[in-house]
Amino acid sequence: MFKPFLYAIGFLTRLPVPHTLDMPSDREQGQSVLYYPLVGLLIGLILFALANLMSDAEPLLSAAVLITVWVVVTGGLHIDGLADVADAWIGGQGDRERTLALMKDPTCGPIAVATVVLLLMVKVAALTSLLLDQHGTVVLVVPILGRAALVAGFIYIPYVRSGGLGAVLTENMPQSEAKKTLVIATLFPFLFWGWDAVWVFAGCYLLFVFVRRSVLNRIHGLTGDVAGALCELIEVTALLIAAFVF
């Protein structure tokens with residue numbers, strides 16, 4: 001139990017884990033997916049503590065610092081996936097093989113740069129609005145939703161690449177336990193936001209359905225980059241809806 005959790009922390013964040021940790025087995029890697037929302041909670045606790053320390057600062061400054069720390073803690077893992085998907089989706093011109101090939105291209109095109117800049121701008125703007133209205137709990141909850149989206153992706157979208165880490169995670173993830181984990185993670189926002197969380201849940205659900213349909217039509221399934229993009233898109237959607245509703 002503890003080893004898959006540490007592996008999830010080491011994979012999804014740049015937080016230190018014991019260097020003596022043995023390489024996990026395929027089964028343990030699959031089990032680590034169950035702890036993704038818990039890693040999201042850990043990220044959220046760090047951000048929430050930082051938000052409280054900066055409670056007297058200007059909301060825009062606080063939001064900029066929080067988003068920066070958010071990226072640093074995750075090592076830009078999911079933003080990198082979003083950038084790759086943005087480049088591939090435009091450059092792939094509807095072709096499956098070309099799209100998949102572009103996702104593996106390490107170079108970063110103008111579409112990727114523009115997408116990342118716009119994403120961060122919207123995140124800072126939405127978070128600034130929420131901090132102005134004293135809704136700092138969003139930084140605690142939203143990272144959980146982002147990592148829950150990863151679990152949902154592994155459950156409901158087939159993985160397209162044979163071999164590699166994503167295939168190992170998908171093949172060895174306990175399906176029934178993963179679904180229970182997903183339910184718990186998606187109910188978590190209701191503890192903090194009450195029935196207002198329905199709007200966030202609905203928006204994130206519709207986005208997931210849209211992304212799922214899009215990737216099934218274009219590349220016939222999930223890749224690691226798509227999973228990262230999904231995480232980022234769910235986070236920014238949750239922040240935006242919260243900013244409008246709360």
Exercise for review: Would you tally the residues in region 1-25 being over 18 Å from Cys231 (Cα atoms), surrounded by 10 or more Cβ atoms within 10 Å (Cβ to Cβ) and of a type outside the set (Val, Ile, Thr)?
Suggested key: 9
Practice item. Output the residues belonging to region 69-98 that are polar (S, T, N, Q) and either at pLDDT 95 or above or over 20 Å from Ser214 (Cβ atoms) (or both). Key: Thr74
Check your understanding: In region 45-70, how many are β-branched (Val, Ile, Thr) and either in contact with a strand residue (DSSP E or B) (Cβ under 9 Å, 6 or more places away or on another chain) or touching a residue at least 24 places away in the same chain (Cβ under 8 Å) (or both)?
Key -> 2
Check your understanding: Do we have Leu102 as at pLDDT below 95, buried (at least 21 other Cβ atoms within 10 Å of the Cβ) and not basic (Lys, Arg) here?
Key -> yes
**Study point:** Residue match in region 149-172 (condition: closer than 24 Å to Val117 by Cα, at pLDDT 95 or above, in contact with a Leu (Cβ under 6 Å, 6 or more places away or on another chain) and not basic (Lys, Arg))
**Key:** yes
Check your understanding: Taking the condition in contact with a helix residue (DSSP H, G or I) (Cβ under 9 Å, 6 or more places away or on another chain), more than 12 Å from Ala227 (Cα to Cα) and aliphatic (A, V, I, L, M), does Ala185 pass?
Key -> yes
Practice item. Check off (1) loosely packed, with under 13 Cβ neighbours inside 10 Å; (2) at pLDDT 95 or above for Val139 and give me the number that stays unchecked. Key: (1)
Check your understanding: For region 15-24, does any single residue satisfy the condition of being out of contact with any helix residue (DSSP H, G or I) (no Cβ under 7 Å at 6 or more places or on another chain) and acidic (Asp, Glu)?
Key -> yes
Check your understanding: Going by the conditions given, is Ala88 of a type in the set (A, V, I, L, M, F, W, C), within 19 Å of Leu233 (Cα to Cα) and more than 18 Å from the chain's Cα centre (by Cα)?
Key -> yes
Exercise for review: Given the conditions (1) over 21 Å from Ile144 (Cβ atoms); (2) in a helix (DSSP H, G or I); (3) touching a residue at least 12 places away in the same chain (Cβ under 8 Å); (4) not aromatic (Phe, Trp, Tyr), report the number of the one that Leu21 does not fulfil.
Suggested key: (2)
**Study point:** Subset of region 87-124 (residues that are of a type in the set (D, E, K, R) and over 21 Å from Leu216 (Cβ atoms))
**Key:** Asp105, Lys123
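The values are calculated or read from the model by the stated rules, or taken from the named source; none is laboratory data. Please read these numbers as outputs of a predicted model, since none were measured by experiment. Methodologically, a virtual Cβ is constructed for each residue, glycine included, from the backbone with ideal geometry; neighbour enumeration extends over all protein chains shown.
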